[in-house]
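S.K.: I have a structure here, written as structure tokens, and I will follow up with some questions on it.
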Amino acid sequence: MIKKSDQLALQITELRKVSSMEFRNLRYFLAVYEELSLTGAAKRCFVAQPSISAAIQQLESELDCELFIRHPRGVSPTRAGNNLYPYAQKLINDIQSLKGLFQDKSPQISIRMALMPFLSGQRISLIIKEMLAMLPGLDLTIVDINDSADLRILSSNMVTPDETFHRLWLDKYVLATPVDHPLSVLSEVPMQMLNGLPFISRQPCDMIDAWQFALQKNNISLDTKATVKTEEYALDLVAAGLGVSLIPSQSADNRSDIVTFEIKDFTLERVVGLAYVKDHPMPAALLKAIEQAKQSFNSSYVQKL
């Protein structure tokens, strides 16, 4: 029977084989591989999408190979990516086991949290960090918005009658264009100037009905060039010059290759918040953590203004 000290020595030996590769980059690699999307990986890891992209680029540079191929629907692993996956998975599991040898076990609270598509990665990251800090024993699982969950972060128009809703922030929709687009000289875009423009559609989108109604009301027809499932690729296609897109303003926070404009005489907003079934209240510490996160990103928004 192998002693715990011998197991620890073996694990440390394995860790030394990683060389200069950061464990965090491998964790991001696993998320991209399993989600088949940089945006999906960012939400899963609670970081901004550029952090995921940078980690993958660093790994590819260190390994001198391409790990993923980008395409409009997400990413596909290369042969090198497929070969790296089982090794990265084993290494991350060993690291987690190693940490467990030196950590006291805290009482666990299991929570399933559902996230609607196209939420602010930075704000979700802040919420998750506060939750984990306030509840050290929290066993948190992130699921799709349509899966069963204890709590959901979503738009107010998606709340069901049996749920309690706590407002977190307000998203205002704006028009995203390439930096060299003819509309970039304007401070705001008149609605009629959208007629016939090449357009990148995002679906699913919780604001699609309101947007379509506004277009029909103003007799505007868009030339849809692509329909994508992730916000990341919608913005990539906008930056490439394929068309314009309607996005929540916070989505452009980390993008220097696009510009955004308000649409004149048109306002489209959504209230994002936390919802849970009224008969199943959440732990007080969890709600307090979310409230602290809300105050933090609202304070940050005011400072930007």
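S.K.: Once neighbouring chains are kept in place and the probe is 1.4 Å, which whole percent of the accessible area of the chain is contributed by carbon and sulfur?
M.R.: Values: 8430 of 16590 Å².
It is 51 percent, rounded to a whole number.
S.K.: OK, next. What is the Rg over Rh value, at two decimals, for region 218-261, using alpha-carbon atoms and the Kirkwood definition of Rh? If you can, show how the numbers build up before the last one.
M.R.: Numbers: Rg = 10.9 Å, Rh = 11.3 Å.
Rounded to two decimals, Rg over Rh is 0.96.
S.K.: Using the Cβ atoms and a cut-off under 12 Å, what net charge is assigned to the surroundings of Tyr276, where Lys and Arg are +1 and Asp and Glu are -1?
M.R.: Result for the local shell: -1.
S.K.: Also, I was wondering about something else. For the chain, what is the charge dipole size about the Cα centre, in debye to the nearest 20, if Lys and Arg each add +1 at the Cβ and Asp and Glu each add -1 at the Cβ? Show your work: numbers first, answer last.
M.R.: Working: 31 positive and 34 negative charges, 117 e Å.
In total the dipole reaches around 560 debye.
S.K.: Take the Cβ-Cβ distance between Lys225 and His280 as r, set R0 to 41 Å, and report the resulting FRET efficiency rounded to the nearest 0.05. Each step should come with its number before you reach the end.
M.R.: Values: r = 44 Å, r/R0 = 1.08.
Computed FRET efficiency for Lys225 and His280: 0.40.
S.K.: Right, something else. What relative contact order, as a whole-number percentage, does region 179-243 give when Cα pairs under 8 Å and 6 or more residues apart are counted? Display every interim value, and only then the final one.
M.R.: Working: 64 pairs, mean separation 28.1, N = 65.
Relative contact order comes out at 43 percent.
S.K.: Considering only protein heavy atoms, what per residue accessible area in square angstrom results for the chain with a 1.4 angstrom probe? Write out the running numbers ahead of the final one.
M.R.: Values: 16590 Å² over 305 residues.
For the chain, the solvent-accessible area averages 54 Å² per residue.
S.K.: Given just the C-alpha atoms of the chain, how large is their convex hull per residue in cubic angstrom? The partial results should precede the final answer.
M.R.: On the way: hull volume 49.2 nm³, N = 305.
Convex hull volume per residue, Cα atoms: 161 Å³.
S.K.: Report the label-to-label distance for Asp139 and Trp211 in nanometres (one decimal), using points 7 Å from each Cα along the Cα→Cβ vector.
M.R.: Label-label distance for Asp139 and Trp211, simple model: 3.9 nm.
S.K.: Express the relative contact order of the chain as a whole percentage, based on alpha carbon pairs under 8 Å and six or more residues apart in sequence. All intermediate terms of the calculation are to be shown ahead of the outcome.
M.R.: Values: 454 pairs, mean separation 63.2, N = 305.
After rounding, I find 21 percent.
S.K.: Another question, then. Might you work out the accessible area of His280 for me, using a 1.4 Å probe with all protein chains in place, and round it to the nearest 10 Å²?
M.R.: 120
The values are calculated or read from the model by the stated rules, or taken from the named source; none is laboratory data. Since the structure is predicted, the reported quantities are computational estimates derived from the model, not experimental observations. Glycine gets a Cβ as well: all are built from the backbone with ideal geometry, and neighbour counts include every protein chain shown. For the accessible areas, the whole protein counts, side chains as well, though only heavy atoms, and no ligand, DNA or RNA atoms are used. Shrake-Rupley method; radii C 1.70, N 1.55, O 1.52, S 1.80 Å.
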